[in-house]
Structures are given as structure tokens and as C-alpha cells.
Amino acid sequence: MQRILVTGGAGFIGSNFVHYVIENTDLHVTVLDKLTYAGNRASLQGLPDDRLAFVRGDIQDALLVDELVRGTDAVIHYAAESHNDNSLAEPRPFLDTNVVGTYTLLEAVRRHGIRYHHISTDEVYGDLELDDPHRFTERTPYNPSSPYSSTKAASDLLVRAWVRSFGVRATISNCSNNYGPYQHVEKFIPRQITNIIDGVRPKLYGAGLNVRDWIHADDHSSAVLTILAKGVIGETYLIGADGERSNKDVVELVLTLMGRPADAYDHVVDRAGHDLRYAIDSTKLRTELGWLPKHGGFESGLAATIDWYRANEAWWRPQKAATEAKYVAQGH
Ligand code: NAD
Ligand code: DAU
């Protein structure tokens, strides 16, 4: 494998993956990204021109997708509408990009016999009770809650159908909540860090007891490269780093790390249909493919992420006011 096509490579996890690939492999990367409000060309700044090509375009554009897929050895599909709150306010772009966009890519890899890896989320499994001793595994039934997660579930099922019906050489991974640099300020952790920088109190949805299972974006990237190299065609792998934390704990930790009183936050209106808890059992990926996360502690990773947002205000500042205005309109 020499050349890969990365969709959504100007978004949060996609851009972290592109940096990781360029630092840790000899692969040539072509990024296909529409540069929606969530995409940022600056997230790829400084990467060498002889290793990276950038194409601005839509994954629903069948002609463009066909041309790019034809010239590559593998497609890694990150592009998506990714934010639950947006999917509650306006579901249509989620259907277009997450479902029709994935269909468009699958038809192209089918035509040209290209290896395909599909990036998905643990949210396809719905949520768990706080005291449930079980975690999600590859055998957990699909039970998505939001327009976002239901379109991701639909896209996963399309991939499985294209493997079985047409012999497409695909793998799927479902990962838990990522944190790290280059994450849009609409998302939980960057929103709170940048609020604190601006002297605004962090906003916790509802009581803040909801639990997310945090993993550093670099660990997600190493897992995807492992699946590309060693994954069995047709299989699904769950990616997680045993990082369960309540939202309340995370906000308190961010405040403490930024030198503020741990209780200096506000409760705001809860998200409709808010999933209570996600938790990943990544035993299959660890035992069958030998993957292990490298980022030890959430606290040190979070401290480094805070430093990154402090040092890179020029990257996030242009999005901040519009994002907060959208939240005010939604009551968050
Ligand atoms: P993001 O919103 O930060 O980035 C999405 C990227 O896709 C942006 O660069 C955007 O411009 C691009 N894009 C959107 N629509 C497009 C289209 N029609 N054509 C081409 N490009 C388009 O999202 P993210 O958080 O980086 O998530 C990336 C992927 O990882 C998604 O598939 C998401 O479901 C999945 N995922 C995310 C997390 C997480 O914690 N953020 C966890 C597990 C899985
Ligand atoms: O689990 C993987 C998923 O993680 C990905 O599939 C999604 O693309 C990604 O956005 C993320 O979804 P969440 O809904 O968990 O992430 P978000 O950052 O929106 O919110 C995390 C938690 O924090 C959630 O319980 C809602 C809460 N929250 C969020 C915001 C923006 C707050 O309490 N306050 C906030 O201001």
C-alpha cells in the first residue's frame, strides 16, 4: 500500500490521522474534504507537499469520488456530519453526507476493487445504564438514539451489505469519544476550555452525570492503521481506551487544570434524548490484532489539549462567536 485517500481529513479526527500517518509511515495521503463549517484547511498546515494532496469536494459527487478512488490503494472514510446537537436542529445534512455520501464511496470502491475502511462511532449501540456492568462489544445490537447516530448506524449497515453482496474489501471501526488538538469548539471539551479562556463559565447539560469513554485522537489513529494492516475483511473492531468519566468530572478537571474553582460552571438545558453512558470493550482489537493505546492518563492528555488551545487561539477564534450564538438559540 502506497497511496491512501482520507475523506474528512480537514476535520478533527481526520486531520489528526493525517498528521499521524505522515509522521509514522511512508504513505502518500490525498484528502477529500468539503470544508463545511467543521473542516479547516489550517489543521493540515505545515505538512509536506510531496506527501499530501488536498482536494476540496463533496463525497456525494460521484464523478469526483470515482476519479480519486481509482488512483488510490485504500480509502479511509472519516467525512461526516458529526455533531449530535446539530442533528437535532437540522437532520437533513446528516442523511445526505453520512448515508448518501457513504453509498457514493462504496459504489466507487466496488467498481475499482479498492480496500475501504469505515470510521464509525460507539453511539450506534445506543446507551448503557450508569450501573450496567456490561460494555459495548462487536456483538451488541444496534440501537441508535439521535439523527446523527442513526445515520452512522445506517452507513455501517451499508458497508456490511456491500461486503456481503458485492465482495467489497471493507473493515469497520466504532470508536468512543476522542479528545486532542484540532477539535471544533462546538464539542464538549474545546467548548469549555475556550469558554474559560474567554472568562465565561462552562456549560453542563442537565445534571452532568452522563458518562463518555475518552480516548486520545492519536490512539484512535494508531488503531485505524493497525486495522488497515492486519484487520480481517468484513470484520468490525471497537476502539476504546478504558477512559470512562462523567461530564461533571471532566468539567471539574478542566476548571482545576486551568486554575479555576472546580465548581465554577453552570447547568444548562439538557440535550433531547441525551444518551446516558457509552463504554467500549476493545478486547477483540487488543487480542486479535495486538493494538494497545499509548496515551496513559486522561489528565495529562487533557492538560496537553488545554495547552494546545491556549497556544492556538488563531485556529479556533474565528468559529467561537457563531458557535456560542447557535448554542444560545438552542438554550444550551
Ligand atoms: P468533524 O465534524 O470534526 O469533521 C468532519 C469533516 O468532514 C470536516 O472536515 C468536514 O468538512 C468534512 N465533511 C463533512 N461533510 C462532507 C462531505 N459531504 N464531503 C466531504 N467532506 C465532508 O468530525 P470528527 O469528530 O473528526 O469525526 C470524524 C469521523 O469520526 C466521523 O465519521 C465520526 O462519526 C467519527 N467518530 C467521531 C468521534 C469523536 O469523538 N469525534 C468518535 C468516534 C467516531
Ligand atoms: O461517542 C462518540 C461520539 O462522541 C462521536 O460519534 C460524535 O461525533 C462526537 O461528537 C461525540 O458525541 P457526544 O455527543 O458524546 O459529544 P459532545 O462533545 O457533543 O458531548 C459530550 C458530552 O458532553 C455529552 O454528554 C453532552 C455533553 N455536553 C456537551 C456540550 C457541547 C455538555 O454537557 N455541555 C456542552 O456544552
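The numbers here are math on the coordinates, done by the rules we state, and not lab data. Everything numeric in this text was worked out from a predicted model, so none of it was measured. All Cβ positions, glycine included, derive from the backbone under ideal geometry; neighbour counts span all protein chains shown.
Among 1, 258, sorting on how many other beta-carbon atoms sit within 10 Å of each Cβ, with the fewest leading, yields 1, 258. In sequence order, the range 236-250 has phi-based couplings of 10, 10, 8, 10, x, 10, 6, x, 5, 8, 6, 4, 4, 4, 5 Hz under the Karplus curve 6.51 cos²θ - 1.76 cosθ + 1.60, θ = phi - 60°, and Gly or Pro positions carry x.
Tell me which trypsin sites (Lys or Arg not before Pro) from the range 14-55 have a DSSP coil assignment and no more than 16 other beta carbons within 10 Å of their own. Show your work: numbers first, answer last.
On the way: sites: 34, 41, 51; in loops: 34, 51.
Passing sites in the range 14-55 are 51.
In the chain, a dipole from Cβ-located charges (positive for Lys and Arg, negative for Asp and Glu) runs towards its positive end, and of 114, 48, 303 it is 114 whose Cα lies farthest in that direction.
By the count of other C-beta atoms within 10 Å, a proxy for reagent exposure, 291, 315 are ordered fewest to most as 315, 291.
Using the Karplus relation 6.51 cos²θ - 1.76 cosθ + 1.60 with θ = phi - 60°, the per-residue 3J(HN,Hα) values for the range 87-103 come to 5, 6, 7, 8, x, 3, x, 6, 5, 5, 6, 6, 9, 5, x, 5, 4 Hz, with x marking Gly and Pro.
The trypsin sites (Lys or Arg not before Pro) of the range 125-154 that DSSP puts in a loop, and whose beta carbon has at most 12 other beta carbons within 10 Å, are 139. Be a star and scan the range 88-109 for residues whose amide nitrogen sits under 19 Å from the point 7 Å along the Cα-to-Cβ vector of residue 161. Answer for this model: 94-109.
Taking amide H positions as modeled 1.01 Å from N, with prolines and chain starts lacking one, the residues under 5 Å from residue 234 and 5 or more places away or on another chain are 170, 171. Evaluating 6.51 cos²θ - 1.76 cosθ + 1.60 at θ = phi - 60° for every residue in the range 41-52, the Karplus couplings come out as 4, 5, 5, 10, 4, x, 7, x, 4, 7, 10, 9 Hz, glycine and proline recorded as x. Taking the Cα atoms only, what angle lies between the long axis of helix 217-230 and the longest principal axis of the chain, rounded to 10 degrees? Helix 217-230 sits roughly 20 degrees off the main axis of the chain.
Helix content alone sets the calculated 222 nm mean residue ellipticity of the chain: runs of n ≥ 4 DSSP H residues at -39500 (n - 2.57) each, divided across all residues, give -12500 deg cm²/dmol. Ranked for footprinting exposure by Cβ neighbours inside 10 Å, fewest first, 7, 140 give 140, 7. Under 5 Å from the amide H of residue 204 lie the amide H atoms of 266, 267, 268, each residue being 5 or more positions distant or on a separate chain, with H modelled from the backbone and absent for Pro and chain starts.
Of all the options 197, 59, 215, the one that moves most in a Gaussian network model of the chain with Cα springs shorter than 10 angstrom is 197.
Which of rounded, prolate or oblate describes the range 270-313 when judged by the alpha-carbon gyration tensor and an a/c cut-off of 1.5? The partial results should precede the final answer.
Working: a/c = 3.25, a/b = 1.19, b/c = 2.73.
It comes out oblate by the Cα gyration axes.
For the range 7-44 and the range 175-233, write down the distance between their C-alpha centroids in whole Å. Centre-to-centre distance over Cα atoms comes out at 16 Å. Expressed as an acute angle from 0 to 90° and rounded to the nearest 10, what is the orientation of the C-alpha long axis of helix 298-311 relative to the principal long axis of the chain? Helix 298-311 and the main axis of the chain meet at about 90 degrees.
If you plug the beta carbon distance of residue 1 and residue 272 into 1/(1 + (r/R0)^6) with R0 = 35 Å, you get a FRET efficiency near 0.25.
Test of understanding: what is the full-extension gain from residue 303 to residue 134, defined as 0.36 nm times their sequence separation minus their Cα-Cα distance?
Numbers: separation 169, 0.36 × 169 = 60.84 nm, distance 2.98 nm.
Value of the extension gain: 57.9 nm.
Relative to the longest principal axis of the Cα atoms of the chain, the long axis of helix 12-24 lies at roughly 60 degrees.
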